[in-house]
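The values are calculated or read from the model by the stated rules, or taken from the named source; none is laboratory data. The structure presented is a predicted model; accordingly, all values stated were derived computationally and were not measured. In this analysis, Cβ positions are derived from the backbone assuming ideal geometry, glycine residues included, and neighbour counts consider all displayed protein chains. For the accessible areas, the whole protein counts, side chains as well, though only heavy atoms, and no ligand, DNA or RNA atoms are used. Shrake-Rupley method; radii C 1.70, N 1.55, O 1.52, S 1.80 Å.
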Amino acid sequence: MQDHITENFQTFHFAEGQMLLIDKPLTWTSFDVVGKIRNTLKPLKLKVGHAGTLDPLATGLLIVCTGKMTKQIDSFQAEDKEYTGIITLGATTPSYDLETEIDQRFDISGITEEMIFDTARSFEGEINQFPPAHSAIKINGERVYEKARRGEEVELKSRKVTINSFAIEKIELPHVSFRISCSKGTYIRSIANDFGKLLNNGSHLSELRRTKSGNYHVDNAWNLENLIEVIKSQKN
């Protein structure tokens, strides 16, 4: 896949539109990735955007578009997504992941594997979901995570999302490894938090990786630094 793309770079003009599959590194924001590619493409002054935000603590498939291809971002973003990750039982965090410190702990000795499988199945289908307070949703022009970090209370509306499948792949308590296929706009952090609630316990997301978006798979994605080097070489 990457060799094929490298060949295309020799004759392809980014301004005409390029769709790039990136394996987003841990701790990078989606905007960091877009900014890195945009800066590397200077002085072309191209539009560069991404389809579907990944949190800094998530890795995996990020679709980035340049030039005229940015007009197709909405269609890429509308595709179903697949994620793998780990839910950690017995503790909650305000952000529902490891961005914030644990704020409450729970006894998990009464949780069985059967309960975990049953809980996962209960998510499948159309559900109402509340986004995390630490999310990139905007209220009055400001992202709600900025309000949450200041300690302000944020009231968010629920939204309907669809969980196509929720497979439990391994249980090593307190860690539960999963694979989820879902509609656009699904917050896996919220699923992780709600998972604990349904077990009359607590939980948070401790690892997340996007593996698919539509028909595109992370196995065919670029390592970001390798991509940057290829872009630089094609500019010379």
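Quick look at the numbers
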| quantity | calculated |
| --- | --- |
| Residue that is surrounded by the most Cβ atoms within 10 Å (Cβ to Cβ), among those in segment 184-236 that are of a type in the set (A, V, I, L, M) and assigned to a strand (DSSP E or B) | L205 |
| Residues of segment 198-227 classified as at negative phi and more than 22 Å from the chain's Cα centre (by Cα), total | 3 |
| Enumeration of residues in segment 109-124 that are open to solvent by 40 Å² or more (accessible area, probe 1.4 Å) and part of a loop (DSSP other than H, G, I, E, B) | S109, G110, T112, E124 |
